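Undergrad: For reference, the structure I am asking about is given below.
The values are calculated or read from the model by the stated rules, or taken from the named source; none is laboratory data. Remember, predicted model here, so these are calculated numbers, not experimental data. Counting neighbours? That spans all protein chains shown, and the Cβs are built from the backbone with ideal geometry, glycine included. Just so you know, the surface numbers come from the protein's heavy atoms only, side chains and all, with ligands and any DNA or RNA stripped out. Shrake-Rupley method; radii C 1.70, N 1.55, O 1.52, S 1.80 Å.
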Amino acid sequence: MGATVTSNASAIDPGIAGKGYVHPEVLVSTDWLAEHLDDPSIRIVESDEDVLLYDTGHIPGAQKVDWHQDLNDPVLRDYGSSEQFEKLLRDKGISENTTVVFYGDKNNWWAAYAFWVFQLFGFTNAKLLDGGRIKWEQEHRPFNTEVPRFQKSSYKAPKRSDEKIRAFFKQVREHSDAGKPLIDVRSPEEYTGQRTHMPDYPQEGTLRGGHIKGARSVPWARAANPDGSFKDAASLRAIYEQEKGLEKGDDIVAYCRIGERSSHTWFVLTYLLGYDRVRNYDGSWTEWGNAVRAPIEKGAEK
């Protein structure tokens, strides 16, 4: 990537502005990114479920963030320390003033997950590519296999803060007991207990199928168009508000299997619809479905 383009990376993409979102600044279109591939104020980050996909070809200038190795602690089931996050960003040439554009496979599941983890560390200068890798590929835009190298930054990471956007088992138990909104974003078969894993995925060791008591079923994919982009705000409100009865002031917890699909829904509710109190339960069903004496429900939504 060269340094031939100078632009305001924080400006709202005209291709996103017309979709009616509360925070359109957190998305960019494929057109916008194509025009900003050489913008020195931007770092493009690919984060995929398939951790080998990046090596087969990626958006020019993109760097890889492996959701498992780069974001998670190698021993504790938790995210890395501030020191680990700081080293990651410094090595990728990302500073406080850098705009990071995330994209990935699976309709941006893991890109939204990486975006969410960055927020835990207070890194807010971030965006998602609307439609992710699949839309870029469908439009026959360029890929290459060159791994870019940037000068290391002096980024200083603040202490990680989980309180606002992350929920833990005990908090979710209290949330359920209080009858507050829980959104289960898994497939309908996972929600009812017919399956303990996604269709076409291996069984991952969850002992029980079903859902958390009181959870409403809103599969994450309902928020996406066939090309992987997000539906417009009016369509999203029809799902979450008119159909499921959510309100902007609600205290909401979203969950899935391990937190990746629910990161996508967290992003929709928080940024596209402007909800102020949404947390992602990343322990999700792999924790809840195996926890001793954790109450579950089976069957269709009541």
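Undergrad: From TYR271, TYR275, grab the single residue that is among the hydroxyl-bearing types (Ser, Thr, Tyr), assigned to a helix (DSSP H, G or I) and within 29 Å of ARG133 (Cβ to Cβ).
TA: TYR271
Undergrad: When only residues in segment 203-237 that are aliphatic (A, V, I, L, M) and part of a loop (DSSP other than H, G, I, E, B) count, which is surrounded by the most Cβ atoms within 10 Å (Cβ to Cβ)?
TA: Among them, the one singled out is ALA215.
Undergrad: Taking TRP116, is it open to solvent by 10 Å² or more (accessible area, probe 1.4 Å) and under 11 Å from the mean Cα position of the chain (by Cα)?
TA: Considered against the rule, which asks whether it is open to solvent by 10 Å² or more (accessible area, probe 1.4 Å) and under 11 Å from the mean Cα position of the chain (by Cα), TRP116 comes out as no.
Undergrad: Tally time: how many residues in segment 4-33 are over 13 Å from LEU129 (Cβ atoms) and modelled with pLDDT of 80 or more?
TA: 11
Undergrad: Looking at segment 48-68 only, could you name the residues that are within 17 Å of the chain's Cα centre (by Cα) and assigned to a loop (DSSP other than H, G, I, E, B)?
TA: Correct list: ASP48, GLU49, ASP50, VAL51, VAL65, ASP66, TRP67, HIS68.
Undergrad: To continue, here is another question. Are any residues in segment 230-260 within 13 Å of the chain's Cα centre (by Cα), over 13 Å from PRO181 (Cα atoms) and at pLDDT 95 or above, and if so, which ones?
TA: PHE230, CYS256
Undergrad: In addition: Exactly one of these conditions fails for LEU37: (1) within 16 Å of ASN144 (Cα to Cα); (2) assigned to a helix (DSSP H, G or I). Give me its number.
TA: (2)
Undergrad: Another question, if that's okay. For segment 241-259, does any single residue satisfy the condition of being farther than 24 Å from VAL26 by Cα, open to solvent by less than 20 Å² (accessible area, probe 1.4 Å) and not in a loop (DSSP other than H, G, I, E, B)?
TA: The answer is no, given that none of the residues of segment 241-259 is farther than 24 Å from VAL26 by Cα, open to solvent by less than 20 Å² (accessible area, probe 1.4 Å) and not in a loop (DSSP other than H, G, I, E, B).
Undergrad: Now, a different point. For residues in segment 107-138 being touching a helix residue (DSSP H, G or I) at 6+ places or on another chain (Cβ under 6 Å) and among the charged types (D, E, K, R), which is farthest from PRO60 (Cα to Cα)?
TA: So, considering only residues that are touching a helix residue (DSSP H, G or I) at 6+ places or on another chain (Cβ under 6 Å) and among the charged types (D, E, K, R), the one farthest from PRO60 (Cα to Cα) is LYS127.
Undergrad: Now for a different question. Considering every residue within segment 111-128, establish whether at least one is outside any helix (DSSP H, G or I), out of contact with any Lys or Arg (no Cβ under 6 Å at 6 or more places or on another chain), free of Cβ contacts under 8 Å to residues at least 40 places away in the same chain and at negative phi.
TA: Checked segment 111-128: at least one residue is outside any helix (DSSP H, G or I), out of contact with any Lys or Arg (no Cβ under 6 Å at 6 or more places or on another chain), free of Cβ contacts under 8 Å to residues at least 40 places away in the same chain and at negative phi.
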